[in-house]
Amino acid sequence: MRFILISAALLAGAFATPTLAKPVPEEAAEKASGESRLKPSDFDMSQLMGMFDKLFPAQPDPAPQRLALARATAAGVLPVGTYASMFDEFAGGMVDHFLSLREADFVTKDTKKKPVSGLTLRQELAKDDPHFEERLKIIRRVIGEELVKISALMEPKMREGLARSIARRFDEKQLTEINAFMATDSGRAFAGQTMRLWIDPDVMRSMVQAFPQMITAMPGAVMRLEAETAHLPKPEKTMKKGKD
């Protein structure tokens with residue numbers, strides 16, 4: 001059962017929708033909603049945007065000629081509809097693989113002590129919900145359609161930010177050469193796939209495979225930090241001295 005609950009939660013998170021969860025009684029739903037839902041007055045978008053503006057302040061305007069060239073580069077690297085198709089490619093494939101997992105694939109102390117189900121997550125969910133496949137199909141369609149709308153809002157701003165960044169990193173000669181390559185069939189194909197490369201299963205797999213080495217290296221990094229800051233007063237002592 002724990003396997004089903006964890007898996008369903010992850011699946012729902014991947015689709016950013018609670019539709020796959022079991023129905024909650026209306027009275028309980030209203031109570032939970034009243035306790036946890038933020039009131040409009042509790043959320044200040046302008047304050048949030050102001051915080052991000054301080055974290056990521058506007059950079060100096062690039063030279064107009066370089067920015068014009070960089071905009072052409074950014075348009076090739078981030079074609080219209082990229083984000084919607086990236087999500088569909090990444091999330092759709094991930095969810096399909098996830099639904100094929102069985103409880104035995106999640107080895108925990110509990111699963112070692114008792115028999116585990118041989119059914120896949122897809123089969124377990126379909127067992128509780130005869131309309132699961134139809135529901136999943138609708139969820140994918142609706143999310144795909146909504147993502148196209150979101151992409152239309154996001155991508156122009158992303159392209160402009162990307163163009164400004166590119167313009168600061170490459171001079172006019174380099175941008176002219178880059179754009180000339182991107183005007184070829186091979187260059188256009190490469191540029192159009194640049195963003196998707198980072199969500200390719202092999203790339204994601206290689207990143208995950210590095211986790212054990214990263215975790216192993218962390219204690220050494222912490223020890224080094226402690227050693228190299230040992231000559232500094234402890235923050236608590238510094239604060240106490242300041243108060244005195």
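The values are calculated or read from the model by the stated rules, or taken from the named source; none is laboratory data. Bear in mind the structure is a predicted one, so any value in this text is a computation, not a measurement. Using ideal geometry, Cβ is built from the backbone for each residue, glycine included, and neighbour counts are taken over all protein chains shown.
Does segment 87-97 hold any residues that are under 22 Å from Gly118 (Cα atoms) and crowded, with 17+ Cβ neighbours inside 10 Å, and which are they?
Scanning segment 87-97 gives a single hit, Val95.
Being modelled with pLDDT under 50, closer than 30 Å to His97 by Cβ, of a type in the set (A, V, I, L, M) and surrounded by 11 or more Cβ atoms within 10 Å (Cβ to Cβ) is true for just one of Ala84, Ala9. Which residue is that?
Values: Ala84 fails: modelled with pLDDT under 50.
Going through Ala84, Ala9 in turn, just one is modelled with pLDDT under 50, closer than 30 Å to His97 by Cβ, of a type in the set (A, V, I, L, M) and surrounded by 11 or more Cβ atoms within 10 Å (Cβ to Cβ): Ala9.
When you check Leu67 against the structure, is it in contact with a helix residue (DSSP H, G or I) (Cβ under 6 Å, 6 or more places away or on another chain) and farther than 29 Å from Arg205 by Cα, yes or no? If you could, list the steps in order and put the result at the bottom.
Details: in contact with a helix residue (DSSP H, G or I) (Cβ under 6 Å, 6 or more places away or on another chain): yes; farther than 29 Å from Arg205 by Cα: yes.
So Leu67 fits the description; yes.
When you go through (1) surrounded by 12 or more Cβ atoms within 10 Å (Cβ to Cβ); (2) closer than 28 Å to Met86 by Cβ one by one for Asp185, which number turns out not to apply?
Single failed check for Asp185: (1).
Out of everything in segment 112-133 that is out of contact with any helix residue (DSSP H, G or I) (no Cβ under 8 Å at 6 or more places or on another chain) and in a loop (DSSP other than H, G, I, E, B), what residue ends up being surrounded by the fewest Cβ atoms within 10 Å (Cβ to Cβ)?
In this case the residue turns out to be Lys114.
So, Gly192, is that one farther than 26 Å from Gln59 by Cα and touching a residue at least 60 places away in the same chain (Cβ under 8 Å) or not? Quick ask: steps written out before the conclusion?
On the way: farther than 26 Å from Gln59 by Cα: yes; touching a residue at least 60 places away in the same chain (Cβ under 8 Å): yes.
Criteria met by Gly192.
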